[in-house]
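Okay, so here's the structure we're looking at.
The values are calculated or read from the model by the stated rules, or taken from the named source; none is laboratory data. All of these numbers come straight from a predicted model, not from anything done at the bench. Glycine also receives a Cβ, built like all others from the backbone with ideal geometry; neighbour counts cover every protein chain displayed. All accessible areas refer to the heavy atoms of the entire protein, side chains included, with ligands and DNA or RNA removed. Shrake-Rupley method; radii C 1.70, N 1.55, O 1.52, S 1.80 Å.
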Amino acid sequence: MPENQLPANRKVIIRRAGGPDRLLLVDAPMPECAADEVVIRNEAVGVAFADVLIREGLYPGVPLPATPGYEVVGIVISKGQAVEGVEIGARVAALTVHRGYARYVNVPAAWVVAVPPTLDSATAASLVLNGLTAIQMLTRSVSLQSTQSILVWGAAGGVGSILLDLARHFGVTAYGVASGARTEFVAHKGAVPIDRSEGDVAETLRRYAPTGVDAVFDGVGGPNIAVSQRCLNEGGMVVMFGIQGGLVGGRRKWVHLVRAFLGSPRYTAFGITKSNRGLKGYMVEPLARQFPDRYRSDLTAMFELAACGAIAPQVDEILPMSKVAEAHRRINEGTHQGKIVLDPAN
């Protein structure tokens with residue numbers, strides 16, 4: 001086929017909820033650019049657990065059919081007439097929430113953040129959602145000044161591994177929950193590995209930290225929250241940022257979703273007061289929309305930390321977008337270390 005007959009754009013679409021086989025790569029028109037938007041030619045697209053929730057029809061506010069893709073990095077090829085401060089040809093990152101699995105995507109200019117020239121696109125993509133989540137939980141959900149020790153669930157994953165990097169950078173003692181060979185990765189990040197396959201995590205933690213830790217970052221949710229609370233010291237805080245416990249192998253199972261809901265701890269005002277421990281949730285999108293300046297400054301800070309080598313975000317694998325189903329299967333299996341990234345140009 002002559003080059004001038006090639007499709008202008010390619011994107012992934014999910015028409016019905018289900019497994020990785022529901023991810024279809026299709027031809028698509030070029031996105032239109034509104035007055036306050038830019039069009040980005042994507043170079044790297046992160047694969048996130050939130051994309052799995054979209055695929056399963058469980059992500060709030062994103063009905064199917066939909067194109068997943070929470071984070072992108074690429075080159076600005078056009079911009080709206082009202083856009084200032086973003087130039088055509090600039091390499092930028094953006095939090096898209098969905099629509100990111102595409103060669104070209106339009107995003108509001110307010111959500112665009114410049115990428116340092118020394119940072120490759122795949123590494124930058126690993127920081128947009130995961131890095132932003134990690135730094136905001138550690139510096140805004142809890143007080144970094146009064147946090148000397150943390151426990152991280154899923155410590156070998158995208159968010160968890162960056163939390164370990166940040167803890168090391170800020171001089172915070174970190175304990176990372178993983179299993180099997182992934183505990184070696186946790187140790188390599190400078191944290192104390194807690195192998196969840198060897199028994200009760202709270203009991204194991206107490207061998208190292210008898211009084212507990214200042215903060216626990218829990219992406220599992222459901223009944224796991226009660227375990228996390230047992231890991232806290234007096235005045236500690238659990239920050240919940242996911243519901244992975246409601247899925248099995250990356251697939252929604254209603255019995256597990258119901259069990260996760262029913263198994264979640266119940267609270268009363270007196271019980272919370274008596275416990276001297278806190279619980280709060282974190283979700284990146286609404287916080288970014290409410291505080292866009294924080295979003296841009298925090299993501300810029302993550303890029304700068306990575307560019308100077310203060311943190312070392314892990315890119316597990318870069319796959320062509322045609323292998324998006326394989327990327328989701330790996331996310332489902334939970335065997336990856338760090339971030340899986342799609343190359344939309346391939």
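Quick notes
- Annotation: residue 33 fulfils all but one of (1) modelled with pLDDT of 95 or more; (2) open to solvent by 30 Å² or more (accessible area, probe 1.4 Å); the unmet one is (1).
- Within the range 289-319, the only residue that satisfies the criterion of being of a type in the set (Phe, Trp, Tyr) and closer than 15 Å to residue 120 by Cβ is 303.
- Within the range 128-151, tally of residues that are touching a Lys or Arg at 6+ places or on another chain (Cβ under 9 Å) and either surrounded by fewer than 24 Cβ atoms within 10 Å (Cβ to Cβ) or of a type in the set (Ser, Thr, Tyr) (or both): 4
- Counting only helices (runs of 4 or more DSSP H) that fall entirely inside the range 152-232 and contain at least 1 residues that are open to solvent by less than 50 Å² (accessible area, probe 1.4 Å) and within 23 Å of residue 122 (Cβ to Cβ), the qualifying elements are 158-170, 182-188.
- Summed over the range 128-151, the residues that are closer than 17 Å to residue 303 by Cβ and assigned to a loop (DSSP other than H, G, I, E, B) give a count of 1.
- Matching residues, the range 59-71, being open to solvent by less than 60 Å² (accessible area, probe 1.4 Å) and part of a loop (DSSP other than H, G, I, E, B): 59, 62, 64, 67, 68, 69, 70
- Some residue of the range 72-84 being touching a residue at least 60 places away in the same chain (Cβ under 8 Å) and in a loop (DSSP other than H, G, I, E, B): no
- Scanning the range 192-216 for residues being within 19 Å of residue 146 (Cα to Cα) and among the hydrophobic types (A, V, I, L, M, F, W, C) gives a total of 4.
- Of all residues in the range 77-116 being more than 18 Å from residue 293 (Cα to Cα), surrounded by fewer than 23 Cβ atoms within 10 Å (Cβ to Cβ) and of a type in the set (A, V, I, L, M), the one that is nearest to the chain's Cα centre (by Cα): 90
- The range 180-232 - residue that is among the basic types (Lys, Arg) and closer than 28 Å to residue 310 by Cβ and, of those, modelled with the lowest pLDDT: 182
- Per the listing 151, 144, the residue uniquely touching a Ser or Thr at 6+ places or on another chain (Cβ under 9 Å) and hydrophobic (A, V, I, L, M, F, W, C) is 151.
- Scan of the range 36-58 for residues that are modelled with pLDDT of 95 or more and open to solvent by 20 Å² or more (accessible area, probe 1.4 Å), ordered by number: 36, 37, 41, 43
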